[in-house]
Amino acid sequence: MNKENKSPTGRAFRNTGQILGTVFRLAPFAIPVKLVLAMLGRVGYFYYSTYILKFVVSTFEHGLAFGAVIIGVVLIVGGHRLFALIQQAGEVFVTPYISAALDRGFMGMIYDQARRVELSCYEDPKFYDQYVKVQENALESVTQVINNFVSFCSSLLQLILFGTFLTKIDPIFILFALLPLLTVFVRKKRAALEYKHHAEDVEHNRHRKYAQRVFYMSEYAKEMRLTNAKSFMMDRYDRACEGRKDVIRKYGKREMLCDYFLSAFLDALLNPLTLIYAVYRTFMLGVMTVADCVVIINSVSSITYAFTAFLQQWQTMHKLSHFVDDLNVFLQYEPKIVGGDEKPLIGELCLNNVSFTYEGSETPTLRNISIRVGHGEKIALVGHNGAGKSTLIKLLLRLYDPTEGTVTLNGQDVRQLKLEEYRAQYATVFQDCKPVALTVMENVLMRPVQDSDEEKVIEALKLADVYDRIAALPHGIHTVMTKEFDENGAVLSGGEAQKLALAHAYFQNAPILVLDEPTSALDPIAEHKMYQRMMAISENKSVIFISHRLSSAVVADRIYMLEQGAVIESGTHSELMKKNGKYADMFRKQAENYRKEENAV
Ligand code: ADP
């Protein structure tokens, strides 16, 4: 372990510095503005709480005119109020800008990284937990780091102001003010308890939040009504709440004792001691004026308050440092799937003896697969559920890399190609595609709208055979999808949503079209039409598609049949039918089923 990691204080300072540095980069004015506002508040409070008292009491002590007292009070109070006005106006008008700039900046960094990390990270519970924690708490924690730093500085200023003031009257009072140092041990204990409490609570809270999500998210609305899922979820929710109660029981008593000790220390020890000593010096020894006596009692509590706050902020800085550590682990994670420097050139796409095992899995999902997709060829992947077809597609798209073997494009290992550019060679449609809450046009574009887009969008919708349906919507291609933000938003059927996703894929006009059961929600006639049309418009494109209905594989130049992660047959439809193997068997069984269904109708 290096020296840096040994010192939590060093790490806390470094982490705070790191966040402040990033904040400065994102919103250069944020910290200076917040510091000035907070300092104004503290300086105003100092003058208000010391000089007004001292002034009033000493003018009466020296028998000054009542009118002069009033003018003096008005000036001091007016000055204080002016400072407060500037501070409050700053909080109302400037703070929201700062929050917005930081929100955009930090979340932008987090989402960029979330997009960079490979898919397998989402399947690693520890990593996913960290991601959820970081993205849920980022803005709040960053704001806390800034506020804590600002409060830390202003508490320091308050200590200096009141400290200087007290030293001038009687330095002994400084010792009173420093008495809270004796509570440092209890404060440390309290912070450690809070950290452990929070750490143990996280898991229960995650389960609680998951159950909450299932209750309110529309994806689960049907199951919640039609199955017994509610009682399962409620059980889970109850267990999470019980778990949280156990954690409170475990730490609550000790936390309460620490808090009680800290407040009793001030109320029962420090404040009465100061009072007795000040009264003794003023009235028994006669070495202090009444004005100083009154002011000093107030000032000692102010300095104690500032000092206690200072210690608190010191601890908060350590506590927030854990968040910064989490943030760093997430942001500094180096994705394993990275691109090379080469530019992808379109050509033959091959899987060469590819095997793949999911992390945590004992058996390989793909075994020694070799597949060739010549430029412009139409390739179908068929096989039973779980055969490994979707996994193969994910390997092509470099969502995962093979455990063994290579994927090559135009003879080049795809790991040597620029990742973004390589992925841009593909237009993809998955079976579980869902429109996002934007207009139809934006769903087709998936980028900001430009003037010349409308015609091309309509053409893509026509090619996907969904334009008539869209044109009938109240605002045509400008209709908003889903009812999430617009009560008049359009809700598409599963098949229509798949067609909309196809329109997006057509619009992309990429050289390789990848379709993972894109027609699972279409009826056989619509599916047949869709495949005919797709083949016609993708003349110069390679198409790789998975379809559970073998009748659509007939149009492919070559069919690969997978079973338990291996290619067991390949060839054209007629070759495979002649071979009379598993493909032919599956094809006949499906045809038979359709015939039976038709007869039944
Ligand atoms: P298909 O598309 O042919 O239905 P898949 O490629 O989806 O098959 O799945 C192949 C096998 O890999 C299945 O046994 C499935 O459970 C497993 N699998 C799929 N995704 C994951 C994953 N993320 N982690 C572990 N196993 C997975």
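The loop-placed chymotrypsin sites (Phe, Trp or Tyr not before Pro) in the stretch 429-497, going by DSSP, that have at most 13 neighbouring Cβ atoms within 10 Å of their Cβ come out as F485.
Note on surface exposure: T479, T95 rank T95, T479 by accessible area, highest first, 1.4 Å probe.
A 1.4 Å probe run over the protein chains yields, for the chain, 54 Å² of accessible area per residue, whole-number rounding. Of the whole protein surface, S574 contributes about 70 Å² of accessible area at a 1.4 Å probe radius. Label positions at S361 and V449, each projected 7 Å from the Cα along the C-beta direction, are separated by 4.2 nm. The length gained by stretching the chain between T227 and T289 to full extension, at 0.36 nm per residue less their Cα-Cα distance, is 14.4 nm. Within straight-line reach of K418, meaning a Cα separation under 21 Å, sit the following lysines at least 8 residues removed in sequence or on another chain: K336, K343, K394, K541. In a reduced charge model with +1 at each Lys and Arg Cβ and -1 at each Asp and Glu Cβ, the chain shows a dipole moment near 1600 debye about its Cα centre. If only the Cβ of Lys and Arg carry +1 and only the Cβ of Asp and Glu carry -1, the dipole of the stretch 428-509 around its Cα centre is close to 200 debye. The heavy atoms of S370 offer some 60 square angstrom of accessible surface to a 1.4 angstrom probe. Summary: within the chain, the longest segment free of GluC sites (Glu not before Pro) located in DSSP loops with at most 11 other C-beta atoms within 10 Å is 1-358. Between the helical axis of 524-537 and the longest alpha-carbon principal axis of the chain there is an angle of about 90 degrees.
Work from the charge dipole of the chain (Cβ charges, +1 for Lys and Arg, -1 for Asp and Glu, about the Cα centre) and give the residue of A268, G79, M317 farthest towards its positive end. Of the candidates, A268 comes out farthest on the positive side. The mean sequence separation of alpha-carbon pairs under 8 Å and at least six residues apart, normalised by the residue count of the chain, gives a relative contact order of 14 percent. Report in % the part of the accessible area of the stretch 361-456 that belongs to carbon and sulfur, leaving out ligands and nucleic acids; probe 1.4 Å. Carbon with sulfur: 46 percent of the solvent-accessible area. Residues of the chain were split at every exposed loop site, defined as trypsin sites (Lys or Arg not before Pro) in a DSSP loop with at most 15 other C-beta atoms within 10 angstrom, and the longest piece left, sites excluded, is 1-335. Between the residues G243, Q158, T50, the greatest Cα displacement towards the positive end of the dipole of the stretch 3-331, with unit charges on the Cβ of Lys, Arg, Asp and Glu, is found for G243.
Helix 494-508 and the longest principal axis of the Cα set of the chain meet at an angle near 90°. Taking Cα atoms only, the orientation of helix 582-600 departs from the longest principal axis of the chain by about 90 degrees. Taking the protein heavy atoms of the stretch 460-515 in the context of the full set of protein chains, the accessible area attributed to carbon and sulfur is 50 percent at 1.4 Å. Using θ = phi - 60° in the Karplus curve 6.51 cos²θ - 1.76 cosθ + 1.60, the 3J(HN,Hα) couplings for the stretch 123-130 round to 9, 9, x, 5, 5, 5, 4, 5 Hz; x is entered for Gly and Pro. Listed cross-link partners K188/K209; K188/K253; K133/K483; K434/K462 are compared with a 22 Å cut-off, the Cα-Cα value being larger for K188/K209; K133/K483.
Here the accessible area of the stretch 3-331 is 66 percent carbon and sulfur, with a 1.4 angstrom probe and all protein chains present. Proximity of backbone amide H atoms, modeled 1.01 Å from N, is registered between I337 and E118 at under 5 Å, excluding neighbours fewer than 5 places apart on the same chain. When both the stretch 449-481 and the stretch 98-159 are represented by their alpha-carbon centers, they are found 39 Å apart. Pairs of Cα atoms nearer than 8 Å and 6+ residues apart set the relative contact order; for the stretch 3-331 it is 32 percent.
The values are calculated or read from the model by the stated rules, or taken from the named source; none is laboratory data. The structure displayed is predicted, hence computed values, not measured ones. With ideal geometry, Cβ positions are generated from the backbone for all residues, glycine too; neighbour counts draw on all protein chains shown. Remember, those area values only see protein heavy atoms, side chains included, never the ligands or the DNA or RNA. Shrake-Rupley method; radii C 1.70, N 1.55, O 1.52, S 1.80 Å.
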